Structure formats: C-alpha cells, structure tokens
Amino acid sequence: MYLSRLVLNPRCQQVRSEILRPYEMHRTIMRAFPADLPDGERVLYRLDVSRETGTPTLLVQSITCPAWAFLAQADRYLQPPGDENPAVKEFAPGFTAGQVLAFRLRANPTVRREGKRLSRFGEEDQQAWLDRKGASGGFRLVTVTMTREGFQESSKHEDDERRLCHFAVRFEGVLTVTDPATFVDTIARGIGPGKAFGFGLLSVARQD
C-alpha cells in the first residue's frame, strides 16, 4: 500500500472550498489514480488540521501508487515544500496477535434500520459501534477518546440541492490486534460509511 501526505495551503481558494465540500476534495484526490482501479480497491483519505497553526494536512491511503504531479499546476494548492510535499511512502503492513498500537480514526458511526443509515449520537453508542467494528475487524479497543465534530453537510454536485449529512466523530486511543490478517484487510478497506467524504481511514502507530 501507499500512504501520501499532502500539506495544503489554507490561503488557496480551492483548498478552502474543498474543506467545506469534501466530495470535491475526493474528486481532486482521485485525479491521482487511473479511472480503472482494481475491483474492490478503496482510496481512503482524512483531513487533519493543526490546532496550533491551522495548517491542513491531507493523508491518502491507496493500494495503487498515486501520481500527484498534476498538483504542480494547481494554483498554490500545496504549501511551498520545505520538506517533500507531497510525500509518498510505500508500506506493507504486518502485525502479530496481541500487538498494541496507537490509532486514529475519523468516522461516521451509523446503524442501519429499515434500509436507512441513522447516526449514533451518544458516546456509549459510538464506542459500542467501534467495539463491533473491532470484533469483526481483527482488533480490540484498549483505550479510546472521542471528539464529536458534529454534522458535515456535503453534496456530490455543485448544483445538487440534496444535502448529505454525516455525523463526524474522531476516535483516538490504543488498540490490540486480535487477528492480524483480518486487521490488515480492515486497514485496506477502511471502517464505516462515507469514505468518499473523508471518513474511514484507520491510522496506526507502534507504541514505544
């Protein structure tokens, strides 16, 4: 897999627009990939904004290697590179049962009832949702903190009057790997709905 880090320029009009309209950011990201991606491949992304500087950093995870050269023609879309920007690294995740990892996940916790997805608003419900995802996804929560970011309204087309609402929750904490093979698949597929709107990317880091 590949993990890309793009430090965006918050003064760029396109960046400011895409932060408010994440499906447009999804469209920009997908320009880095061929139109005929292998069946089942998910390109996942998450936007993290620094509390100290306000700088937005875009993380993109993919199985296909991205081609970000087109962003050189975008008007100041990226911050002037001090370090490599975009930065792309290849990684082959491998884990062991019982391994303890720090994690971060921005997700849209929902439950399906009568064919509709309903958001989960209570903290207990949100943690129970992630517990269930862990049970089927090869991991178990050790500690978790939840930050409710509220509703994110989006549309797939600029002239589309239908607004799509996703309730955003940021999960951070520590997990234990219970099934390594399943956990690798979970990382590749992402967690929960709304992946084209910036949800579902599970980031993990080894504990010191």
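The values are calculated or read from the model by the stated rules, or taken from the named source; none is laboratory data. Note that the coordinates shown come from a computational prediction; the quantities given were computed from them, not determined experimentally. FYI the Cβ positions are ideal-geometry reconstructions off the backbone, even for glycines, and counts take in every protein chain you see.
What strands (runs of 3 or more DSSP E), lying completely within the range 1-113, carry at least 3 residues that are without any contact (Cβ under 8 Å) to a residue 24 or more places away in the chain and under 22 Å from Glu153 (Cα atoms)?
110-113
I'd like to check something: does the range 2-13 contain any residue that is crowded, with 17+ Cβ neighbours inside 10 Å, among the small types (Gly, Ala, Ser) and over 29 Å from Val174 (Cβ atoms)?
There is no residue in the range 2-13 that is crowded, with 17+ Cβ neighbours inside 10 Å, among the small types (Gly, Ala, Ser) and over 29 Å from Val174 (Cβ atoms).
Name the one entry in Ile63, Ile29 that is under 15 Å from the mean Cα position of the chain (by Cα), surrounded by fewer than 18 Cβ atoms within 10 Å (Cβ to Cβ) and farther than 26 Å from Gln126 by Cβ.
Answer to the selection: Ile63.
Can you tell me which residue is nearest to Val43 (Cα to Cα) among those in the range 171-198 that are at pLDDT 95 or above and part of a loop (DSSP other than H, G, I, E, B)?
Gly190
Could you please find all residues in the range 66-96 being surrounded by 13 or more Cβ atoms within 10 Å (Cβ to Cβ) and among the small types (Gly, Ala, Ser)?
The answer is Ala74, Ala87.
Filtering the range 118-139 down to residues that are surrounded by 13 or more Cβ atoms within 10 Å (Cβ to Cβ) and assigned to a strand (DSSP E or B), which residue is modelled with the lowest pLDDT?
Ranking the candidates gives Ser119 first.
Out of all the residues in the range 32-60, which are acidic (Asp, Glu) and surrounded by 12 or more Cβ atoms within 10 Å (Cβ to Cβ)?
Result: Glu41, Asp48.
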